[in-house]
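A short worksheet on the structure shown next.
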There are 2 protein chains.
Amino acid sequence: MSSVENEGSPVYLGIDVGGTNIKIGIVDDAGHPLAHGKIATDHQRGAEDGVSRILAFAKSLLPQAGVTWEQIRAIGLGTPGTMNVKEGRTLHMPNMSGWDFFPIRSHLEAESGKPVMFLNDGNAAAFGEYWVGRGREYDSLIMITLGTGVGGGIIIQDEPVHGDHSHGSECGHIVIDTSPDARVCPCGQAGHLEAYVSATSVVLRVTERLEAGDSSSLKMKLDEAGEFSAVDIATHAEQGDALAREMIIETGEILGRGIVSMMHMIDPGIVVLGGGMNFGGMNSAIGRIFLETIRYMVRELTFPVLAEDTIIDFATLGSSCGFIGAAGAARKQFGKTS
Amino acid sequence: MSSVENEGSPVYLGIDVGGTNIKIGIVDDAGHPLAHGKIATDHQRGAEDGVSRILAFAKSLLPQAGVTWEQIRAIGLGTPGTMNVKEGRTLHMPNMSGWDFFPIRSHLEAESGKPVMFLNDGNAAAFGEYWVGRGREYDSLIMITLGTGVGGGIIIQDEPVHGDHSHGSECGHIVIDTSPDARVCPCGQAGHLEAYVSATSVVLRVTERLEAGDSSSLKMKLDEAGEFSAVDIATHAEQGDALAREMIIETGEILGRGIVSMMHMIDPGIVVLGGGMNFGGMNSAIGRIFLETIRYMVRELTFPVLAEDTIIDFATLGSSCGFIGAAGAARKQFGKTS
C-alpha cells in the first residue's frame, strides 16, 4: 500500500507483549497490518525502558506503513499475566517480573500522547480473530490458545469479556476433571483444562504412558534426545506411531468436552483454536484429525441447535493476531467509524 | 404509591412465563413493582389465547398500579424452553407444548401496541437481581437458579448473554464430571451440573444412599410417604440427621466447583443463587451451612483475587425476580433514561 492511499486516514498501533518478544504493528482501519515487527522484551530492563523502546520501534515503522505519527488515533496494548484492566496496571507478570505492578496505561499514554486501550493478551488475540480473522463473520467468539499453557479470549458483540477483576476469559482454567486423581494445573489447582491440553501437559501425558511401558517410536526420541515436544508427537503420529495418534485424539476429546462447557455459558457463533500447539493444523492429516475429533466430541455433547450451527475451526491470523487484535480493540474504543 | 406520584412517568410491563403460572407485574422506572399477580398458564389453550389473557390481566392491574396503559413504555417477556431470541420465536417448550414454535414477540407487539423485549427466563431472573436485587451494586452477575432443574442467567455490563443461538447462560449444563460413571442430566448428556445439584438430583442422590443401606431419618419418611423432597432433606438435616447434612454439604461442594468454572470464564462481580432449592436459605442454619460450603469451595479453587473479592450470596427478589427482570430488560432496551 502506498503512502498516498493511507494519507489522512486513521490507523492504530497494536502492541502484543510476551515474555520473550513484544510484537508491534501499525494497523489500518480495515484491520490490515501496514508494517510490523518485534523487539526483545528484556523485561529486566523494566517497563519504562520497554515503553521507550516500543515507541521508538513503532516510529521506525512509520515510513514503511506510509503514515504519519499524527495518523495514529489510538494504541492497543495486550499483556500476559495478572492485571487490573480498569486501573490500567499490571500486577504479577510471570516470566517478566521487571514489568510487575506498573501503571502501564497511564505511562504509555503520557509517553505517546495517544489514548491507550489496555487488555489481556488472550482477549487481544481473540479480538484479532473476531475483527478480521476466522471469526470476522460472527457476533461472538471464544478463542482458545494452545501453547506452553492454555490461554483464551471471549468476545461478545464487540466487547472482550475482561471480567470484573480482570480475570475473565481464563478458558484454560475451567474445571474439566473433578476426580480425586485429576491432574494439577501450573496455577496450582486440580482438574483445569490447561493441565490436560497444553503442549506441556500433552508431552507429560505421553511421557507417563512411555514410562508405563507403552511402545512408541517416541521412546527412542526420548532416550536419544532426553526430551520430545508436541511437534515431535505430531511428527511421529504422521509417521504412523499408534501411541502418538491415540494421545492426539484423546487430547481432542478432552478439549471438546471443555469447549462444550464454554459453549453452554457463552453460546458463541464460533470457537477458534489458536496458538502453536495444533499438531500441524490444517496442513497436516493429524492436525485435521485433531480438529475433527474436537468437532465430533462437541457435536456429541451439546444441544442439537449448537451441534448443527456452532463453528469450530483453527485461527487464521497466526502470531499476528495479538497486535492486530490490540489495535482493533483500540479502534473499537477510541476510533471506530463504522 | 399513589397514582399522582406515578402520573406521566414511564413504567414497564414484565411477564415471566412458566409451565404452571405466568407472573405479570407493572414495574416503575426504579424497579419497584407497582402491582403484580399471576394467571394460570393453561398452555393447551395456545399462545394466542395466553397473550390475550396476559394483556387482560395486565390492564386489570392498572388501577392498583396508579398508571395508565399509555404510560407503559415497553414490555419484557421471559419464557422457558428453547427459543430464537433474534427472531422472537419460541421453539420447543417443555411442559407447555401449546406454546411451541410461536412468533411470540411480534404477536405480543401487535396485540399490545408496545415494543417487546424477549429473552430467556433465566436471563430475565438474572436481570432482575442485577437491576434491583442482590446484584444491584455490581457490573456483572451470574445467577444460578436451583429448582426442579438448574437454570441460569449471565449479565455483563447491562447485557444478558443471550448467545448466538439463544443458548447462552445455560449454567445447568456445564460439564462438572467427565468420569465414565458421571450422572446423566435430564437433557440427555452426562456430567452436567444439573444432574448433581437440582432438587430432583439431590433427592435421587440421597435415595441412592438410602438404598445402599445408609441410615437416616429420611428412610422412615420414604417408607411412610413413598417419597421425600429437597425441603424434607433440609428439615431432617436441621433435626440432626447425619446423612441429610452430609448430602447438603456435598451438594454445596459440587456447586462450588461448578461456580469456579463459570467464574473463570466470566469473572462476575457477584454470583447469586436463586430458586426454591436453597435448604432454607439465610433463614435456616443448614441453608447458611450450604452457602458457606459453596463459598469455602470457591475460595479454595479459584485465583487469589477472585477468592478475595467475588461475592457469592442468595438472591433477594424471590419469585418476583423474573417479571421484574423482564421489565428491566425492556427498560434497558427501549426506555432507559439514566
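Throughout, read-outs are computed from the coordinates displayed, never taken from laboratory work. Just so you know, these numbers come straight off a predicted model, no measurement behind them. No Cβ is skipped: glycine too gets one built from the backbone with ideal geometry, and neighbour counts run over all protein chains shown.
Please list log₁₀ I(q)/I(0) at q = 0.09, 0.14 Å⁻¹ for chain A, using the Debye equation with identical point scatterers on the alpha-carbon positions. Log10 I(q)/I(0), no solvent term: -0.50, -1.10. In the range A:19-73, the alpha-carbon atoms span a convex hull of 81 Å³ per residue. Distance from the alpha carbon centroid of the range A:72-134 to that of the range A:135-205 works out to 19 angstrom.
In order along the range B:60-74, the phi-based Karplus estimate (6.51 cos²θ - 1.76 cosθ + 1.60, θ = phi - 60°) of 3J(HN,Hα) comes to 5, 7, 4, x, 4, 6, x, 10, 9, 4, 5, 6, 6, 7, 7 Hz; Gly and Pro are listed as x.
Principal axis analysis of the Cα atoms in the range A:193-246 yields extents of 28, 21, 18 Å, listed in decreasing size. Across the alpha-carbon atoms of the range A:144-206, the computed radius of gyration and Dmax are 12.7, 39 angstrom.
Helical content alone sets the calculated 222 nm signal of chain B at -12500 deg cm²/dmol, taking -39,500 (n - 2.57) per DSSP H segment of four or more residues and averaging over every residue.
Would you mind classifying the range B:1-147 by shape? Square roots of the alpha carbon gyration tensor eigenvalues, ordered a ≥ b ≥ c; an a/c under 1.5 is rounded, otherwise it is prolate if a/b is larger than b/c and oblate if not. Oblate, since a/c reaches 1.5 and b/c is not below a/b. Summarising the amide proton neighbourhood of B:SER198: residues at separation of 5 or more, or on other chains, whose placed amide H is nearer than 5 Å comprise an empty set.
Please average, across the residues of B:253-264, the number of beta carbons from any other chain that are within 10 Å of each residue's own beta carbon, and give a whole number.
5
Placing unit charges on the Cβ atoms only, positive for Lys and Arg and negative for Asp and Glu, gives the protein assembly as shown a dipole magnitude near 1140 debye about its Cα centre. With Cα atoms as the point set, the protein assembly as shown shows a radius of gyration and Dmax of 26.7, 88 Å. Site pair A:ALA285 and A:GLU48 shows an inter-label distance of 5.9 nm when each label is modelled 7 Å from Cα along Cα→Cβ.
Summarised in one figure, the compactness ratio Rg/Rh of the range B:210-338, Cα atoms and Kirkwood Rh, is 1.08.
In this simple spin-label approximation, A:ASP313 and A:THR68 carry label points 7 Å from Cα along the Cα→Cβ vector, and these lie 4.0 nm apart.
Peptide packing for B:232-239, B:200-207, A:303-310 was compared via the average number of neighbouring C-beta atoms within 10 Å per residue; ordered from the highest value, the list is B:232-239, B:200-207, A:303-310. For the peptide B:198-207, the mean number of other protein chain Cβ atoms found within 10 angstrom of a residue's Cβ is 0. Annotation: peptides A:79-89, A:129-139, B:42-52, ranked by per-residue average of other Cβ atoms within 10 Å with the highest first, follow the order A:129-139, A:79-89, B:42-52.
Kirkwood radius, the range B:280-338, all distinct C-alpha pairs, inverse of mean reciprocal distance: 14.1 Å.
Averaged over the residues of peptide A:309-317, the number of Cβ atoms from other protein chains lying within 10 Å of each residue's Cβ is 1.
Both the radius of gyration and Dmax for the range B:245-304 are 11.4, 32 Å, in that order, over alpha-carbon atoms. Here's how it looks for A:SER140: its modeled amide H is under 5 Å from those of A:GLN157, A:GLY269, A:ILE270, which are all 5 or more places away or on a different chain. Across the alpha-carbon set of the range B:134-316, the Rg to Rh ratio works out to 0.98, Rh being the Kirkwood radius. Under 5 Å from the amide H of A:VAL175 lie the amide H atoms of B:SER261, each residue being 5 or more positions distant or on a separate chain, with H modelled from the backbone and absent for Pro and chain starts.
If eta is 0.890 mPa s and T is 25 °C, what Stokes-Einstein diffusion coefficient results for the range B:91-144, Kirkwood Rh from Cα pairs, in µm²/s? Calculated translational D: 186 µm²/s.
When the convex hull of its Cα atoms is viewed from all sides, the range A:95-242 shows a mean projected area of 13.0 nm². Distance between the modelled labels on B:LYS86 and B:GLU211, one decimal in nanometres: 4.4 nm (7 Å Cα→Cβ projection). Projecting the Cα atoms of B:PHE314, B:THR302, B:PHE228 onto the charge dipole of the range B:134-316 (Cβ charges, centred on the Cα centre) puts B:PHE228 farthest toward the positive pole.
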